[in-house]
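Colleague: Please find one structure pasted underneath; my questions will follow.
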């Protein structure tokens, strides 16, 4: 019985453990969709392993407000991204843009994969190579001699 | 070279890079404002809310913007350092009171001393967003042309003042 009470009270407390649900008056459903998408794309710079949608930090809250304001003001996703990046740098994007700074980040894994593939192919080829070497004239004569000796003994 | 040594070599290189990684603080982000004109604003002054302040007022001077709040614990640790700095040097130190209550902020300065020429009140934290503030306290150095030249995230220490802040100010005064 005691256990049941604990479980039930914990279940009742669950909604309180979640981030507060914010009611925001969007001008149209398309704006709301974009808002939800965008706040999932931005990193909260205070608690760096969360996006601003999940974070309860005061700054994340302010930034959600900012994104909301900009969307309702008719700003494009591009403009909002630029707004965030000029203030907090590329780090604020969970999917960094492709530029000279982030080039290795995007291409690096493929480069390493290709290098690995090259070594793997080389390795397999070498293993499959059957070594066939012709015997020299000298060696043939030696074998013949040995065999002849054996026959004579028998 | 001995082929067997290759994995060892790769391992050593990996360890060196991981070791370098350990010495870096991932919480410190490079400011995107270095070398750029400081974002402008126009905010009420903490001690006289009818008066406003804007970065343009400081054109022609080298100045520091220190972001602080009465709710910020590290700011209290930093505060004696700032008091000490202005008592020993001629520094234009402006405070940006970030997401604070006016009464709390005034009380805090009355209690711990006020090193600022003036503080500005950013109740909503909107200027903080424009300046890319993410961890109070933060300190910016702005040159005579209004360009941000240095940003320090977290409390400044006496060592930072002596080795980073004052040399930078002296250099910018010459420009």
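We did not get these values from a lab; they are worked out from the coordinates using the rules stated. Source: prediction; values computed, not measured. Cβ: placed from backbone, ideal geometry, glycine included. Neighbour counts: every protein chain shown.
Colleague: Å³ per residue of the Cα convex hull, for the range A:71-129? Each step should come with its number before you reach the end.
Modeller: On the way: hull volume 5.7 nm³, N = 59.
Dividing the Cα hull volume of the range A:71-129 by its residue count gives 97 Å³.
Colleague: Okay, moving on. Distance from the Cα centre of the range B:7-37 to that of the range B:114-174, in angstrom?
Modeller: So the separation of the two Cα centres works out to 24 Å.
Colleague: If you fit an axis through the alpha-carbon atoms of helix B:5-23 and take the longest principal axis of the Cα set of chain B, what angle between them do you get, 0 to 90°, nearest 10?
Modeller: 10
Colleague: On to the next question. Which residues does the label zone of residue A:57 cover in the range B:138-175, counting backbone N under 14 Å from a point 7 Å along Cα→Cβ?
Modeller: The answer is B:138, B:153-154, whose backbone nitrogens lie closer than 14 Å to the label point.
Colleague: I would also like to ask the following. Can you compute the FRET efficiency between residue A:104 and residue A:77 using 1/(1 + (r/R0)^6), with r the Cβ-Cβ distance and R0 = 25 Å? Round to the nearest 0.05.
Modeller: Numbers: r = 26 Å, r/R0 = 1.03.
The calculated FRET efficiency here is 0.45.
Colleague: Viscosity 1.002 mPa s, temperature 20 °C: Stokes-Einstein D of the protein assembly as shown from its Kirkwood Cα radius, in µm² per second? Show your work: numbers first, answer last.
Modeller: Working: Rh = 25.3 Å.
The calculation lands on 85 µm²/s.
Colleague: Give me the base-10 log of I(q)/I(0) for chain B at each q in 0.16 Å⁻¹, Debye formula, one uniform scatterer per Cα, rounded to two decimals.
Modeller: These q points yield log10 I(q)/I(0) values of -0.93.
Colleague: Applying 1/(1 + (r/R0)^6) with R0 = 25 Å to the Cβ-Cβ distance of residue A:112 and residue B:28, what FRET efficiency is obtained, to the nearest 0.05? Provide the component values of the computation, followed by the final result.
Modeller: Details: r = 28 Å, r/R0 = 1.12.
E(calc), rounded to 0.05, equals 0.35.
Colleague: Can you compute the helix-only [θ] at 222 nm over chain B? Use -39500 (n - 2.57) per DSSP H run of at least 4 residues, normalise by all residues, nearest 500 deg cm²/dmol.
Modeller: The helix-only estimate for chain B comes to -10500 deg cm²/dmol at 222 nm.
Colleague: With an 8 Å cut-off on Cα pairs and a minimum separation of 6 or more residues, tell me the relative contact order of chain A in percent. Please list the in-between numbers first.
Modeller: Numbers: 76 pairs, mean separation 22.8, N = 154.
Relative contact order here is 15 percent.
Colleague: Right, next: What spacing in nm lies between the two simple spin-label points modelled at residue B:89 and residue A:138, each 7 Å away from Cα in the Cβ direction?
Modeller: In this crude spin-label approximation the distance works out to 8.3 nm.
Colleague: Need one value for A:84-92: mean number of C-beta atoms belonging to other chains within 10 Å of its residues' C-beta atoms. Before the final figure, lay out the partial values.
Modeller: On the way: counts 2, 1, 6, 11, 7, 6, 3, 4, 4.
That average works out to 5.
Colleague: Considering only C-alpha atoms, what is the centroid distance from the range A:114-154 to the range A:19-62, in Å?
Modeller: Cα centres, the range A:114-154 to the range A:19-62: 70 Å.
Colleague: Any idea what Rg and Dmax come out to for the range A:20-92 if you just take the C-alpha atoms, in Å?
Modeller: For the range A:20-92, the Cα radius of gyration and maximum Cα-Cα distance read 11.5, 31 Å.
Colleague: Over 14 Å apart: what share of the alpha carbon pairs of the range B:92-175 falls there, rounded to a whole percent? Could you put the intermediate results ahead of the total?
Modeller: Working: 2430 of 3486 pairs.
Considering the range B:92-175, 70 percent of its Cα-Cα pairs are separated by more than 14 Å.
Colleague: Please average, across the residues of A:44-51, the number of beta carbons from any other chain that are within 10 Å of each residue's own beta carbon, and give a whole number. Spell out each step's value before the answer.
Modeller: Working: counts 1, 6, 3, 0, 4, 0, 0, 0.
Average per residue, whole number: 2.
Colleague: Please report, in cubic angstrom per residue, the volume enclosed by the convex hull of the alpha-carbon atoms of the range A:110-154.
Modeller: On the way: hull volume 3.7 nm³, N = 45.
In the range A:110-154, the Cα convex hull volume per residue is 82 Å³.
Colleague: OK, next. Mind pulling the angle between the C-alpha long axis of helix B:73-88 and the longest principal axis of chain B? Nearest 10 degrees, somewhere in 0 to 90.
Modeller: With both axes taken from Cα atoms, the answer is about 70 degrees.
Colleague: Still on this model: Pop the C-beta distance of residue A:94 and residue B:42 into the FRET formula with R0 = 35 Å and round what comes out to the nearest 0.05. Walk me through the intermediate numbers first.
Modeller: Values: r = 34 Å, r/R0 = 0.96.
Computed FRET efficiency for residue A:94 and residue B:42 comes out at 0.55.
Colleague: Within 10 Å of each Cβ in peptide A:54-60, how many partner chain Cβ atoms are there on average? Round it to a whole number, please.
Modeller: Working: counts 0, 0, 0, 1, 5, 8, 0.
Counting Cβ atoms of other protein chains within 10 Å of each residue's Cβ and averaging gives 2.
Colleague: Need one number for chain A: average projected area of the convex hull over its C-alpha atoms, nm².
Modeller: Details: hull surface 103.1 nm².
If you wrap the Cα atoms of chain A in a convex hull and average its projections, you get 25.8 nm².
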